Amino acid sequence: MSELTMTSQRKSISRARSITICAMLSGVAFVLMFLDFPIPFLIPPFVKMDFSELPALLASFALGPIYGVGVCLVKNLLHLLITTTGGTGELCNFLLGASFVLPAGLIYRRCKSRKGALISVIVGAITMALLSIPFNYFISYPIYSKFMPIDAILEMYRSIRPEVNGLLECLVVFNAPFTLLKGALTALLCFLVYKPLSPILHQK
């Protein structure tokens, strides 16, 4: 057997293992989507916290950013099978998750160190928080307002902070910081579990 053939086989095996790990992480992410919870004092209760981006971030660090985005995609496709939001929530969840794990994975791939990992998750979390504003303003809330009047949605925000005025201000004051917090907590969990899971994630 030629060296070229052996190298090709090793690459095929490695790719198959990566896809298998990606599928397992997607399943975990799908389950984590159901373990959501509200933070009423920070944001209206219809916006809930979950850590389903954690497996995607692990995949992005261990396997590469494309695999991280893949986990975000698969978990939302699975959730779409049982959704009641008509796919709107899944679309925004995918876009936000991808905007977090993609830049984080790209930066970490260039600088695989603790400092590089820290910078990558900071950039990823900030990117996700900033993009949450246009994603929600142009995609989520226009569709949600067809089922619930926008004034009713705004009243939920005003019950926490009465002086907010308009949807855009609500997204800047509430949703962006909430999304930043979500990214920060997900990053913290990633730092805690990445090393213990590293032998599995790196197929050793």
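Across segment 15-44, what is the number of residues that are of a type in the set (Ser, Thr, Tyr) and open to solvent by 20 Å² or more (accessible area, probe 1.4 Å)?
1
Give 174, 191 a once-over and let me know the one that is aromatic (Phe, Trp, Tyr) and open to solvent by 60 Å² or more (accessible area, probe 1.4 Å).
After ruling out the rest, the residue left standing is 191.
Select from segment 45-61 the residues that are open to solvent by less than 20 Å² (accessible area, probe 1.4 Å), in contact (Cβ under 8 Å) with a residue 40 or more places away in the chain and part of a helix (DSSP H, G or I) and list them in ascending order.
Scanning segment 45-61 gives 53, 56, 57, 58, 59, 60, 61.
Consider residue 148 against the criteria (1) in a helix (DSSP H, G or I); (2) out of contact with any Phe, Trp or Tyr (no Cβ under 7 Å at 6 or more places or on another chain); (3) of a type in the set (A, V, I, L, M): it satisfies all of them except one. Which criterion is unmet?
Going through (1) in a helix (DSSP H, G or I); (2) out of contact with any Phe, Trp or Tyr (no Cβ under 7 Å at 6 or more places or on another chain); (3) of a type in the set (A, V, I, L, M) one by one, residue 148 breaks only (1).
What tally of residues in segment 118-158 results from selecting those that are modelled with pLDDT of 95 or more and small (Gly, Ala, Ser)?
Qualifying residue count for the region: 5.
Checking residue 99 against (1) within 12 Å of the chain's Cα centre (by Cα); (2) surrounded by fewer than 20 Cβ atoms within 10 Å (Cβ to Cβ); (3) of a type in the set (Gly, Ala, Ser), which test does it fail?
With respect to (1) within 12 Å of the chain's Cα centre (by Cα); (2) surrounded by fewer than 20 Cβ atoms within 10 Å (Cβ to Cβ); (3) of a type in the set (Gly, Ala, Ser), residue 99 is out only on (2).
The values are calculated or read from the model by the stated rules, or taken from the named source; none is laboratory data. Please read these numbers as outputs of a predicted model, since none were measured by experiment. In this analysis, Cβ positions are derived from the backbone assuming ideal geometry, glycine residues included, and neighbour counts consider all displayed protein chains. Calculation scope for accessible area: heavy atoms of the full protein, side chains included, ligands and nucleic acids excluded. Shrake-Rupley method; radii C 1.70, N 1.55, O 1.52, S 1.80 Å.
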